[in-house]
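Working notes, beginning with the structure itself.
The values are calculated or read from the model by the stated rules, or taken from the named source; none is laboratory data. Keep in mind the model is a prediction, meaning the values are calculated, not measured. FYI the Cβ positions are ideal-geometry reconstructions off the backbone, even for glycines, and counts take in every protein chain you see.
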Amino acid sequence: MRVGFKYYRAEDRMVFDPSVTKILAGDSTVMPFINNIEFGAKIHTDDCKRAIVFFTQDFDFSHRNFCYVRFMDRNGDFPWFQISVAGNMDGCLTGSLEQISEESESERIAFFCKLQGFLNELPIYDVPNLFAIRMTDYRSLSVNEGRDLADQAMQNAFEVVKGVLRGSDVVAFGGEDTIFAYLLGIKDDMILCDRASSIISSLRIAWGEYSENLKEVVSIGISTVANNDNLNISELYAKAAAALDAATKRHKNTYALFSDKIKDEEQFVGKNVSLHDIELVKNILDPVRTWAYAVDERLHLLYKNNALNERIPGESLGYCYQLIKGESSQCEDCPLRKFEGDQSSVDSDVFSPGLRRTIHMRTTRLRMRNNIKVYIIAATKEDISEQLEVLNQSTRNYNRAMQKMQDIIWEIDLDEMKCIRIREENILSMVDRRVDNYDTVREYYLNHVVYPDDREDMMLATSPDRLREASRIGRSNVDSKVRLLYQDGTYHWYSINSILEGDKVYLVARDINDLSHDIVEDYVASRRYIEIRKDNTARNELAKNYERSEHVNELTGIYVFEYDAAEKSYYLSTTFENMFEVTESMEKDEWSLLEGLTPYADDRGKYEDFLQRVKNASDTYEITVRLINRFGVALWFTITVQALMGIGNSLARVTGCIQDVNTEMEIKAELEFRADFDPLTGLINSEKFYKDTEERLLMRPDSKFAIISVDIDRFRIINDRFGIEAGNGCLRELGRVIHSSLPWDGIAARYQSDMFTVLFEYEDEHDILDYIEKLTLGFHVEEATRCGSTLSYGIYKVDDRNITVRLMCDRARLAKKNIKGNTLTNFDVYDDNIRVKQNRLAEMESEMQIAMDRHEFVMYLQPKISLDTNKICGAEALVRWMHPTKGLRMPGDFLPLFESNGFIKHIDEFMWDETAKYLARLAELRVDIPLSVNISRLHIGNTDLVSTFTSLVDKYGIQPKNLELEITETLFTEDTKSLYEVMSGLKEKGFTIEMDDFGSGYSSLNMLKDAPVDVIKIDRFFIDEVIDTNRGKIIVANSIKMSKDLGMKVIAEGVESREQAEFLRDAGCDVAQGYYYSKPVPTEEFE
């Protein structure tokens, strides 16, 4: 169901369509809205801040503006609603409220709410990216294999996506077939494409386990915002959805990216080839002195070497036939057409438009990660053997380096069940390499090398029957991760990859124990070994590929070091000395390098403990601390160190790496702060308060505690008169006072708006009273003093520890709410009477709109008597509630509640209309007497009273003089300028203005000379209390005389005895009203 609304910002008034009461527990009009958003609008506690931020922002209507909030429904539940703002007309926001009906949407909405919190306070240099990942075969899998299996596959897909992405990335379900991922800080579109390609490849492998018919399973939409000046989740989500639709329409297993416009995968050259792989291609091509370039399977140009770039300069972005030959489609003599079967290279003649002749080319095919093929195309001259040798040598270097990265390489013949153990390094394996029976080797590993908990995984990964079945259904490899026994007696994690080639299987294993997730790509080795086995020289031991590893270190921000105990020397990557200053003394022994690094002062003890552990054990240790770099700046680093022992348990090597994680740690710290702390006051938020208080109560079962709820009275007036910043200043000052008054282990939180909560430990009740007095005396803000604002307190003594902390806080707030408007005290303590009263008020609040719709509110009239003639000269219109089951309710039962929740405005307007209608009836009966109505303070500044009352007299054809308007005295102490302007406008239209309750507040007779008032109405307090003494009679008599001297008529209300009436008549009072003459009566009895 969708409900429209209008929000008047200046008035802080929210007006929903009347139909809202059919679904929500709140009223159709909420005023104030922002400053009473939880109790007035019935918005869930956790969503109040988000709603306030949404409604107070500067809206950009070039795109949709929406947020998600939970409202209380008529059943007391909190379902999700989408709030959409469509326009802004002169400060009035128009929009709609729509309930989210599907339960499956709740997690997605919670994800976006969390995401919106991130976006609201993003630093300008951080770039947000959103991935929308749709498993397009979910429904077919659900139909063919069953819903349970499909949901299991979705859960697996979720874990795969989390595994591919970084630990700081946020991943959540977005529906039954959709996953969302939020990535921060990636500014390069190519890196985003690389992430998308990795996700697609990994998901294809994962979902292949569930059905052999699933070949195209996923589509991805990516949204990114390069300039985040006006970030909002609406824009980010809309872009991701549009990109996802574009990717889905094109075909499955692809993606599209939306930055300034939508680009599909075809527009990203080498999108399936990672940046790391492109660097490897560069290392192969750069030494070639003839023209050479690389393309992928779809003829995207990946790279041109220097020789070709000099001949054909320009970007390498597009198709090779467009950029090199200027053709519009694939060339007829394209070398890729020449490949047959498993050929690794072909020679061909290709026409060159630049030379206007045919040149001889050799094309070599390489298999990269994810089984992606890359083609190296190079021209040959007369020295063809030399050129080919350069190219082939680069390829061999690459293949040998890939082989060197593996600890285990087996060639398995499944027909003969033979296993050639090509390479077994660092593993406690069988010493006799002549043992080649596969069953024998496999059984030995399962019983002696594999970690016991991982034996089942190893059995599945190496099972002959399973490998044959995988090969039969077209699988190219089988992957697993297990722990194997290392030479030092510890277990290391290994990536096990079995590459399937008919009846032959090539099993490779790689130690991944010490590598970070950003470097490990488990399936790279399995894909690339296909090239290794084709070169029979790959089985030789080769030197390390120094240049390549250095480049990888630079790309990944890793600083590598190694100490060789035999040579007593260090190897340091070039990047290491770029980050840290290395002195000669730091290279004297195995521990001097680590001892020479300078930790941040706060991390020194932690770092020294880490060094001690590393020195005393041959295991792998890791720590994340701040180190001082060569420029004197403290940055976060993750240090991984392993001591390798040799013969006789003597130290052989110390290897390690230091990875820059400063950005991740700063983001983590910032997110942790935002999640737990209020940015305005520095106090914790409500959720952390609940958690910390629960822990404190458990830790100190014998201590006495109280929950104290604190807020600023008349806080809204401060905002209205002096602005939001002045209000924020009051909140900051109250937060400071609360924080400074707490003991060192005290707990205090800003709940919302001007409401604060404190956990206070006490010995007797005087401690609590002393504490709130200390807060009251310590709170001094000029704007608050000028508005008459003070602090109010609600106290709940924790006598029942079986209830939740949230409920304890609610009880404290109920106690505080119980004394709102009470000028005699500023605190109250929760008890059962408050609970009963609040339950009764809650019941009444839930019935008030229904009562209005059913016409249960009725008008009573109390006559006004002329003291000169003792005849009726008018009456005051008063409201009564005729409840269908509880009978007649008096105003004192319900008007205070209506004043606090804003419903009094509806009651006033109802009574004005009823009074004007009755005046019209009296005119028909030829009765000419005035009737007076009351005007609540909420109308001043928020309702156009002149227009409203003028419309009423025109509607019913009555005289303005007969509709008298009573304004309570307390309003004359606030914003008198705007009040006097309204009163003057009403007097000009012929209405009579009465000052009601004179003498109950702080007005003075001196103020009356400026007020545009026609009638003074003396409060019943003066009549009941003051005139009982001679001194009181003098005060009342002189007040009446001075008012009449100012030309004002005087009415006394609450007259209950003949003596009071005679005194007032003798003192010159004009009119009396009270039970002495008549109680308020229905209109029928009044007539």
Inset, instruction - Look through segment 308-320, keep the residues that are surrounded by 14 or more Cβ atoms within 10 Å (Cβ to Cβ) and under 47 Å from the mean Cα position of the chain (by Cα), and return whichever of them is modelled with the lowest pLDDT. - result: Ser316
Inset, instruction - State yes or no: is Asp454 acidic (Asp, Glu), surrounded by 18 or more Cβ atoms within 10 Å (Cβ to Cβ), more than 19 Å from Cys419 (Cα to Cα) and at pLDDT 85 or above? - result: yes
Inset, instruction - Tell me, yes or no, whether segment 450-471 has at least one residue that is assigned by TED's automatic domain parsing to the domain that holds Ile409, at positive phi and within 50 Å of the chain's Cα centre (by Cα). - result: no
Legend entry - strands (runs of 3 or more DSSP E) (entirely within segment 609-715) containing at least 1 residues that are among the aliphatic types (A, V, I, L, M), touching a Cys at 6+ places or on another chain (Cβ under 7 Å) and touching a residue at least 12 places away in the same chain (Cβ under 8 Å): 704-712
Legend entry - Selected residue (only one of Asp928, Asp913, Asp944 is charged (D, E, K, R), assigned by TED's automatic domain parsing to the domain that holds Pro1012, within 19 Å of Val1015 (Cβ to Cβ) and out of contact with any Phe, Trp or Tyr (no Cβ under 8 Å at 6 or more places or on another chain)): Asp928
Inset, instruction - Give segment 13-27 a look and list any residue that's closer than 27 Å to Ile940 by Cβ and free of Cβ contacts under 8 Å to residues at least 40 places away in the same chain, or say none. - result: Met14, Val15, Asp17, Pro18
Inset, instruction - Examine segment 773-781 for a residue that is in a loop (DSSP other than H, G, I, E, B), exposed (fewer than 14 other Cβ atoms within 10 Å of the Cβ), among the acidic types (Asp, Glu) and out of contact with any Phe, Trp or Tyr (no Cβ under 9 Å at 6 or more places or on another chain), and state whether such a residue exists. - result: no
Legend entry - Condition broken by Ala41, with the remaining ones in (1) surrounded by 20 or more Cβ atoms within 10 Å (Cβ to Cβ); (2) more than 15 Å from Met14 (Cβ to Cβ) satisfied: (2)
Legend entry - Scan of segment 58-87 for residues that are of a type in the set (A, V, I, L, M, F, W, C), in contact with a Gly (Cβ under 9 Å, 6 or more places away or on another chain) and part of a strand (DSSP E or B), ordered by number: Phe66, Phe71, Ile83, Val85, Ala86
Inset, instruction - Considering every residue within segment 11-24, establish whether at least one is among the basic types (Lys, Arg), surrounded by fewer than 16 Cβ atoms within 10 Å (Cβ to Cβ) and not assigned by TED's automatic domain parsing to the domain that holds Ala241. - result: yes
Inset, instruction - Kindly indicate whether Val633 is farther than 30 Å from Lys282 by Cα and modelled with pLDDT under 90. - result: yes
Legend entry - Total residues in segment 6-26, condition touching a helix residue (DSSP H, G or I) at 6+ places or on another chain (Cβ under 6 Å) and either within 20 Å of Asp77 (Cα to Cα) or at pLDDT below 80 (or both): 1
Inset, instruction - Residue by residue through segment 832-846, note down the ones that are surrounded by fewer than 17 Cβ atoms within 10 Å (Cβ to Cβ) and touching a residue at least 12 places away in the same chain (Cβ under 8 Å). - result: Arg835, Lys837, Ser846
Inset, instruction - Being modelled with pLDDT of 75 or more and in a helix (DSSP H, G or I) narrows it down to one of Leu130, Leu244, so name that one. - result: Leu244
Inset, instruction - Determine which member of the set Ile1027, Ile1023 is modelled with pLDDT under 85 and in contact with a Lys or Arg (Cβ under 6 Å, 6 or more places away or on another chain). - result: Ile1027
Inset, instruction - Among the residues of segment 419-436, write down those that are in contact with a strand residue (DSSP E or B) (Cβ under 7 Å, 6 or more places away or on another chain) and either at pLDDT 90 or above or over 19 Å from Gln487 (Cβ atoms) (or both). - result: Cys419, Ile420, Asp436
Legend entry - Filter pass, Ser223 being touching a helix residue (DSSP H, G or I) at 6+ places or on another chain (Cβ under 7 Å) and at pLDDT 75 or above: yes
Inset, instruction - Return the pairs, sorted by first residue and then second, in which the second residue is among the aromatic types (Phe, Trp, Tyr) and not in a loop (DSSP other than H, G, I, E, B), the first residue lies in segment 32-45 and is farther than 20 Å from Asp77 by Cα and at pLDDT 80 or above, the beta carbons are less than 8 Å apart, and the residues are 6+ apart or on different chains. - result: Phe33/Tyr7; Phe33/Phe55; Ile34/Phe55
Inset, instruction - Using the structure shown, decide if Thr790 is at pLDDT below 85, hydroxyl-bearing (Ser, Thr, Tyr) and assigned by TED's automatic domain parsing to the domain that holds Phe722. - result: no
Inset, instruction - Hand me the list of helices (runs of 4 or more DSSP H) wholly inside segment 426-511 holding 1 or more residues that are closer than 20 Å to Asp407 by Cβ and in contact with a Cys (Cβ under 6 Å, 6 or more places away or on another chain). - result: 438-444
Inset, instruction - Within segment 964-974, identify whether any single residue is at pLDDT 90 or above and over 24 Å from Glu899 (Cβ atoms), and answer yes or no. - result: no
Inset, instruction - From (1) surrounded by 14 or more Cβ atoms within 10 Å (Cβ to Cβ); (2) free of Cβ contacts under 8 Å to residues at least 40 places away in the same chain, pick out the condition that doesn't hold for Ser740. - result: (1)
Legend entry - Residue, nearest to Gln959 (Cα to Cα), within segment 882-921, restricted to residues that are in contact with a strand residue (DSSP E or B) (Cβ under 8 Å, 6 or more places away or on another chain) and free of Cβ contacts under 8 Å to residues at least 12 places away in the same chain: Met890
Legend entry - Scan of segment 784-806 for residues that are hydrophobic (A, V, I, L, M, F, W, C) and surrounded by 14 or more Cβ atoms within 10 Å (Cβ to Cβ), ordered by number: Ala784, Cys787, Leu791, Ile795, Val798, Val805
Inset, instruction - State the number of residues belonging to segment 277-295 that are among the acidic types (Asp, Glu) and buried (at least 21 other Cβ atoms within 10 Å of the Cβ). - result: 1
Legend entry - Failed item, numbered, when Trp912 is tested on (1) assigned to a loop (DSSP other than H, G, I, E, B); (2) closer than 21 Å to Glu988 by Cβ: (1)
